[in-house]
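One structure is given here, and the rest of the page talks about it.
The values are calculated or read from the model by the stated rules, or taken from the named source; none is laboratory data. For clarity, every value in this text was computed on a predicted model and none was experimentally measured. Cβ placement follows ideal geometry from the backbone for every residue including glycine, while neighbour counts extend to all protein chains displayed. Side chains are part of the model used for accessible areas, which takes the heavy atoms of the whole protein and leaves out ligands, DNA and RNA. Shrake-Rupley method; radii C 1.70, N 1.55, O 1.52, S 1.80 Å.
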Amino acid sequence: MTPASSSSREMHPQLMLLLELQDLRAQHRELEGDEGAAPVEAEHFNIDRDEARTTLGKKIEELEDRLSPSIRSRYNRIAPNRERVVVPVINGVCYGCFVSIATATVGDQDVHQLVQSCENCGSFIYVAS
Amino acid sequence: MKLRELFTSDSVELDLSAESKDDILKELIQLLGLDDKSDAILFKTLKRRENLGSTGIGKGIAIPHCRSLVVNKLRLAYGRKPEGVDFQAIDEEPVHNFFLIVAPPLEVSNQYLPVLGKIAQFAKDPDIPEVLSGIETAEEFLTLLEERAP
Ligand SMILES: [Zn+2]
């Protein structure tokens with residue numbers, strides 16, 4: 001892969017973790033029940049649903065343990081009740097609640113550097129490019 | 001939705017240069033034309049899926065797939081590596097043909113699983129590996145899809 005260009009700044013490691021967690025949670029959830037991905041994964045890819053869910057569950061816990069205490073505490077509050085803990089902000093609109101985010105929250109700086117949340121719905125936010 | 005409509009000629013690469021499983025995944029991801037940060041997240045998510053069990057389904061074909069919030073609609077890419085790469089496939093044979101499928105976490109149209117099933121089915125047709133190896137242009141690939149996986 002080509003290396004990141006020098007102008008592209010690193011994403012905050014905690015935000016990266018949240019995004020990874022989100023993808024893992026989506027995979028885990030999709031293997032629930034007898035519909036969804038489980039039959040397709042079993043039929044074409046020999047994946048045992050229960051085994052896969054256990055593996056993913058462990059990985060999710062591992063990543064959750066790496067969240068900083070303040071982020072973990074917010075995450076614990078919002079994660080059980082919603083499918084998405086991190087949502088994109090596109091053109092200043094939070095895609096968790098579709099409310100415009102105050103410019104003070106998004107700011108002029110590169111928000112990839114920060115881990116912030118939407119004041120309206122509480123989701124962690126990241127600015128999608 | 002027809003499979004062919006989910007590919008663009010930019011998302012087809014008939015001569016992948018990568019030599020390892022990880023590098024193949026990265027090269028496939030690049031065919032989607034996302035930004036660097038999204039590439040990195042998608043790579044991790046695809047790797048986690050591979051760790052559950054290789055998506056190399058045998059006969060030289062692999063279908064790496066996942067949901068990820070880095071895409072906002074279903075995205076597909078196809079890459080071919082004529083010499084083949086070890087992908088820890090089910091039959092332990094080198095893989096030559098890679099179909100990448102990435103869907104957003106929430107999808108209004110619910111296309112992801114049907115498309116995944118359709119590609120897997122297409123890939124299992126006995127003559128497909130040979131037909132794929134003879135393809136010379138992205139357009140030929142898209143035509144093949146249209147004919148064999150309408
Ligand atoms: Zn919000």
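Below are the figures for this structure:
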| read-out | value |
| --- | --- |
| Index of the failed condition, B:Glu139 passing every other in (1) in a helix (DSSP H, G or I); (2) crowded, with 20+ Cβ neighbours inside 10 Å | (2) |
| Members of segment A:92-129 that are at pLDDT below 85, over 14 Å from the mean Cα position of the chain (by Cα), open to solvent by 40 Å² or more (accessible area, probe 1.4 Å) and within 14 Å of the ligand (Cβ to nearest atom) | A:Ala102 |
| Segment A:62-89: number of residues that are within 14 Å of chain B (Cβ to nearest Cβ), over 19 Å from B:Arg67 (Cβ atoms) and away from the ligand (no atom under 11 Å from the Cβ) | 2 |
| Of all residues in segment B:18-53 being aliphatic (A, V, I, L, M) and free of Cβ contacts under 8 Å to residues at least 12 places away in the same chain, the one that is nearest to B:Pro94 (Cα to Cα) | B:Leu52 |
| Test set (1) at the interface with chain B (Cβ under 10 Å from one of its Cβ atoms); (2) assigned to a helix (DSSP H, G or I); (3) at pLDDT below 85 - A:Ser8 fails condition number | (2) |
| Residue ID - surrounded by the most Cβ atoms within 10 Å (Cβ to Cβ), chosen from residues in segment B:54-90 that are free of Cβ contacts under 8 Å to residues at least 60 places away in the same chain and away from chain A (no Cβ under 12 Å) | B:Gly84 |
| Any hit, segment B:101-108, residues being open to solvent by less than 10 Å² (accessible area, probe 1.4 Å), outside any strand (DSSP E or B), of a type in the set (A, V, I, L, M, F, W, C) and over 21 Å from B:Asp35 (Cβ atoms) | no |
